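The structure appears below as structure tokens.
The values are calculated or read from the model by the stated rules, or taken from the named source; none is laboratory data. Treat the numbers as computed from the prediction; the structure is a model and nothing was measured. Cβ coordinates were reconstructed from backbone atoms using ideal geometry, including for glycine residues, and neighbour counts include every protein chain displayed.
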Amino acid sequence: MNGHELVSSSPRQSKTSATDVNHFVLTFENNRFASELFGQFDQNLKLIEQRLHIDARPRGNSVSISGEVVATNQARRALDYLYGRLQNGSTVRSSDVEGAIRMAVAADDQLQLPTMEKKPS
């Protein structure tokens, strides 16, 4: 993975609805990058939470992410991309976070596009 390790991953069933819920913890190797990634007062994590409707709880250089499976995977991809930017010497601004979220969502949209091929009868 891109500079972080997956500490735990355990899908679980939500008590309030029939949707699948996912929970995992991402731990980033570089504390300074993790701080920049999360943003001042965790503003970047809050933006990801709002856009993807997930719960992201930072603790040191780790973040606990929970929510629907698709959304949590999108959050993981967005954070992974942004952490890579920091490793390459770039900064992370709110516009970068917005872009990373859009890219993560678009990746799922491309995977779900129907094909135009006819199925054999």
Among (1) closer than 27 Å to Asp20 by Cα; (2) touching a Gly at 6+ places or on another chain (Cβ under 8 Å), there is one condition Arg59 misses while meeting the rest; what is its number?
(2)
Name the residue, out of Gly67, Gly84, Gly89, Gly99, that is crowded, with 17+ Cβ neighbours inside 10 Å, over 13 Å from Leu45 (Cα atoms) and at pLDDT 95 or above.
Gly67
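Of all residues in the range 55-69, how many are in contact with a helix residue (DSSP H, G or I) (Cβ under 6 Å, 6 or more places away or on another chain) and either small (Gly, Ala, Ser) or free of Cβ contacts under 8 Å to residues at least 40 places away in the same chain (or both)?
3
Restricting to the range 29-57, name every residue that is more than 13 Å from the chain's Cα centre (by Cα) and at negative phi. Steps first, please.
Within the range 29-57, the subset more than 13 Å from the chain's Cα centre (by Cα) is 29-36, 39-43.
Matches in the range 29-57: Glu29, Asn30, Asn31, Arg32, Phe33, Ala34, Ser35, Glu36, Gln40, Gln43.
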